[in-house]
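These notes are about the structure you will find just below.
The values are calculated or read from the model by the stated rules, or taken from the named source; none is laboratory data. Every value quoted in this text rests on a predicted model; they were computed, and no experiment measured them. For neighbour counting, all protein chains shown are included, and Cβ atoms are generated from backbone atoms with ideal geometry for every residue, glycine included. Accessible surface is based on the protein model in full, side chains and every heavy atom, while ligands, DNA and RNA are left aside. Shrake-Rupley method; radii C 1.70, N 1.55, O 1.52, S 1.80 Å.
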Amino acid sequence: METHKMTPNQTKILEGMDKVYDKLIEFKKKMNSELVILKDNKITRVKP
């Protein structure tokens with residue numbers, strides 16, 4: 001089995017995506033709006 005190492009750019013991209021996700025959750029809670037997610041191949045709306 002082959003293991004893959006992440007490049008520094010890939011690591012930075014993943015860290016940036018984590019920050020964006022955290023900010024999205026924070027924004028949705030602040031604005032009291034629904035978060036739309038895909039769960040079990042169904043579109044679901046979640047209230048914060």
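Could you point to the residue in PRO8, VAL20, THR44 farthest towards the positive end of the chain's charge dipole, with +1 and -1 charges on the Cβ of Lys/Arg and Asp/Glu respectively?
THR44
Taking 0.36 nm per residue of separation and subtracting the Cα-Cα distance, what length does fully extending GLU34 through ASP18 add? Show your work: numbers first, answer last.
Numbers: separation 16, 0.36 × 16 = 5.76 nm, distance 1.95 nm.
Residue separation times 0.36 nm, minus the Cα-Cα distance, leaves 3.8 nm.
Could you do me a favour and compute the accessible area per residue for the chain, 1.4 Å probe, result in Å²?
The answer is 106 Å² per residue.
Angle between the Cα long axis of helix 8-31 and the longest principal axis of the chain, 0 to 90 degrees, nearest 10?
Helix 8-31 sits roughly 10 degrees off the main axis of the chain.
Determine the dipole magnitude for the chain: charges of +1 sit on the beta-carbon of Lys and Arg, -1 on that of Asp and Glu, nothing else is charged, the reference point is the Cα centre, and the result goes in debye to the nearest 20. Display every interim value, and only then the final one.
Working: 11 positive and 7 negative charges, 59 e Å.
That gives the chain a dipole magnitude of about 280 debye.
Of all accessible surface on the chain at a 1.4 Å probe, what whole percent is carbon and sulfur?
For the chain, the apolar C and S fraction of the accessible surface comes to 57 percent.
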